[in-house]
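What follows is a single structure, and I will ask about it in a moment.
The values are calculated or read from the model by the stated rules, or taken from the named source; none is laboratory data. Fair warning: this is a prediction, and the values are worked out from it, not measured in the lab. No Cβ is skipped: glycine too gets one built from the backbone with ideal geometry, and neighbour counts run over all protein chains shown.
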Amino acid sequence: MHRSRKITTDMGRRRFLRGALASALCVGCGPGNWAQAKWAQAAAGSFPALPGRVLVNLFLAGGPDFRHLLPPAYSPKPGSYGRVFWRHRARAFGIGDTEAALQRHWNTHFTPASSGATRFGIMKSCGWLASQWRQGNVAIVCNTFGSDSRDHHHGILVMDLGDIHAGKLDQGSGWGGRLAYATDANAVALTNTPRPFAFGPDPAAPGDPRRNSQDRLIVAADTRNIALHTVHGGADWRSPDEYVTRALQSYYRGMAGQVDERSPYFRLFEHERKLREFGEAIDARLADIPVPPELQEITHWEGPVRADFGIQARNLYDALVCADLLNMRVASMSFEGWDSHDKQAESIEPMYADLFGHNGALARLYRALPDPVKRQMLFVIAGEFGRQLKDNGGNGTDHGFGNVVLLIGPSVRGGVYGDMFPESELARMDDPSPDIDGRTALDHVFGAASDWVGPGSGGFVFPDRASAPLEPGVEPRRFFG
């Protein structure tokens with residue numbers, strides 16, 4: 001049963017938000033959100049210390065098949081999980097259902113891994129993920145769930161809001177925005193369009209999940225072009241756009257001192273002034289810290305990583321450099337394209353390599369970051385739902401229920417949490433549309449991550465956590481060392 005919620009539509013604010021994307025920066029004008037006192041504290045060319053722990057939410061839109069990335073070890077033993085699974089997934093891996101073909105694919109394409117008695121593999125093209133696993137920096141939280149439907153829009157909404165009871169038309173604050181509010185900080189969207197995940201609660205009613213605010217949202221879709229455009233003197237010729245920019249710049253400067261603070265227009269002029277000062281401070285910081293060549297390389301479409309995500313990785317690097325200016329404790333990223341009904345191996349394996357390969361975006365980012373920064377950062381990686389236990393009769397998998405959440409960072413206590421390959425699944429392999437059981441609600445996983453960022457914040461971010469389903473034997477407090 002879904003809780004009834006009031007549907008809120010603040011169209012004026014949303015239109016403004018979309019317009020602000022042109023400058024790649026939208027900052028709420030609420031009090032306390034500006035880190036003005038810290039603007040000049042970082043030495044030129046240095047990597048400033050983070051203002052606190054930072055959660056990076058990486059959302060894989062489309063429903064990622066983590067069983068394709070992390071399958072059970074192949075076994076020739078009849079009736080074993082390692083045999084039954086591979087026979088029912090052969091076509092999704094693009095191979096024939098013969099013992100020789102299955103064994104060869106396992107040996108060739110996967111690095112063996114284990115946690116206790118659980119034996120599984122990590123795709124060999126995802127070498128960075130395998131190295132983080134060996135270092136004990138990866139928690140694989142199994143049988144997690146958000147939405148109980150197979151509808152993309154509903155599943156994404158549930159994951160963004162952090163509410164397993166949310167209906168398809170519900171609106172409200174996102175769990176990342178609530179975490180930013182709980183830590184008196186900002187959520188930074190590194191994507192072209194901010195997700196509701198980063199919308200904060202209404203400061204007038206922070207306990208009401210039906211209401212939201214963008215006062216603590218910063219949109220940084222292009223961190224190297226974040227300031228409002230400024231026209232400087234000295235040029236003999238100007239384009240029409242430059243004339244308009246110069247006129248607007250002069251208008252705002254001239255009117256700023258004339259508008260009474262009680263005027264409804266005062267906020268508009270204050271917003272322009274803050275945007276300009278804030279953008280100039282970011283530009284000044286980044287001018288002394290160039291983009292590492294490894295990250296710059298993946299911001300182009302001809303580069304080795306899909307550029308839309310490569311740009312976000314570059315944006316994250318810059319946001320961490322400027323975390324004190326941004327007052328950032330939450331960052332939002334997105335990687336789309338995981339709906340693998342057809343040609344699954346061809347479609348998602350290159351994307352997994354873009355994410356997790358030795359030459360992928362996250363590996364490049366990690367090589368560019370100082371160790372103290374990495375120790376203060378946590379990746380939370382999930383999609384809106386999982387895929388089904390078996391292939392769909394062709395070379396893909398259809399929408400499912402339960403899935404995996406990955407927690408990655410030096411503060412993570414690595415291991416497998418929950419039953420990765422329940423034996424009970426074997427009896428359902430031949431059923432039509434068999435799902436992975438959803439046993440652990442997102443409240444517990446994301447709530448534990450929230451507590452890591454700001455001790456005690458998980459209860460505010462996920463107020464229904466205590467009553468949410470949790471797989472027996474899974475202890476979220478153990479996710480972090």
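Determine which member of the set Ala284, Ala313 is buried (at least 18 other Cβ atoms within 10 Å of the Cβ) and either on the phi > 0 side of the Ramachandran plot or part of a helix (DSSP H, G or I) (or both).
Ala313
Quick one: how many residues across the range 410-442 are at positive phi and either touching an Asp or Glu at 6+ places or on another chain (Cβ under 7 Å) or not in a strand (DSSP E or B) (or both)?
The total comes to 2.
Still on this structure: State whether one or more residues within the range 364-373 are in contact with a Gly (Cβ under 7 Å, 6 or more places away or on another chain) and modelled with pLDDT of 95 or more.
no
Within the range 49-160, considering only strands (runs of 3 or more DSSP E) that don't extend past its boundaries, which have at least 1 residues that are crowded, with 19+ Cβ neighbours inside 10 Å, modelled with pLDDT of 95 or more and among the hydroxyl-bearing types (Ser, Thr, Tyr)?
138-145
Let me ask something additional. Being touching a helix residue (DSSP H, G or I) at 6+ places or on another chain (Cβ under 8 Å) and over 15 Å from Glu294 (Cα atoms) is the filter; apply it to the range 357-376 and report the residue that is surrounded by the fewest Cβ atoms within 10 Å (Cβ to Cβ).
Filtering first and then ranking leaves Lys374.
Now a separate question. Go through the range 316-347 and count every residue that is within 25 Å of Leu157 (Cα to Cα), over 15 Å from the mean Cα position of the chain (by Cα) and buried (at least 24 other Cβ atoms within 10 Å of the Cβ).
The total comes to 2.
Would you mind finding the one in Ser250, Ser263, Ser213 that is surrounded by fewer than 22 Cβ atoms within 10 Å (Cβ to Cβ), polar (S, T, N, Q) and modelled with pLDDT of 95 or more?
Ser213
Over 30 Å from Tyr366 (Cα atoms) and of a type in the set (A, V, I, L, M, F, W, C): which single residue out of Phe278, Phe197, Phe266 fits that description?
That would be Phe266, the only listed residue that is over 30 Å from Tyr366 (Cα atoms) and of a type in the set (A, V, I, L, M, F, W, C).
Now for a separate question. Closer than 30 Å to Met159 by Cβ and among the acidic types (Asp, Glu), is that true of Asp202?
Spelling it out, Asp202 is indeed closer than 30 Å to Met159 by Cβ and among the acidic types (Asp, Glu).
Report yes if some residue within the range 377-391 is over 25 Å from Asp148 (Cβ atoms) and assigned to a loop (DSSP other than H, G, I, E, B); otherwise report no.
For the range 377-391, residues over 25 Å from Asp148 (Cβ atoms) and assigned to a loop (DSSP other than H, G, I, E, B): absent.
Out of Asn186, Asn192, which single residue is within 20 Å of Ser457 (Cβ to Cβ), of a type outside the set (D, E, K, R) and touching a residue at least 24 places away in the same chain (Cβ under 8 Å)?
Asn186
Would you please name the residue that is nearest to the chain's Cα centre (by Cα), looking only at residues in the range 370-413 that are within 23 Å of Ser347 (Cβ to Cβ) and of a type in the set (Asp, Glu)?
Top of the filtered list is Glu384.
So that you can scan it fast, the table gives a plain yes or no per residue for (1) aliphatic (A, V, I, L, M); (2) closer than 22 Å to Gly63 by Cβ; (3) out of contact with any strand residue (DSSP E or B) (no Cβ under 9 Å at 6 or more places or on another chain):
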site	(1), (2), (3)
Ile408	yes, yes, no
Gly418	no, yes, no
Pro422	no, yes, no
Ala441	yes, yes, no
Val453	yes, no, no
Gly456	no, no, yes
Ala466	yes, no, yes
Phe479	no, no, no
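Here is a further query. Given (1) within 27 Å of Gly52 (Cα to Cα); (2) not in a helix (DSSP H, G or I), identify the lone condition not met by Glu471.
(1)
Quick test of your reading of the structure: Gly279 fulfils all but one of (1) crowded, with 23+ Cβ neighbours inside 10 Å; (2) touching a Leu at 6+ places or on another chain (Cβ under 6 Å); (3) in a helix (DSSP H, G or I). Name the failing condition by number.
(1)
Rundown of residues vs (1) over 21 Å from the mean Cα position of the chain (by Cα); (2) surrounded by 15 or more Cβ atoms within 10 Å (Cβ to Cβ); (3) of a type in the set (Val, Ile, Thr), yes/no style:
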{"residue": "Asp202", "(1), (2), (3)": "yes, yes, no"}
{"residue": "Arg224", "(1), (2), (3)": "no, yes, no"}
{"residue": "Thr230", "(1), (2), (3)": "yes, no, yes"}
{"residue": "Ser239", "(1), (2), (3)": "yes, no, no"}
{"residue": "Tyr243", "(1), (2), (3)": "yes, no, no"}
{"residue": "Met255", "(1), (2), (3)": "yes, no, no"}
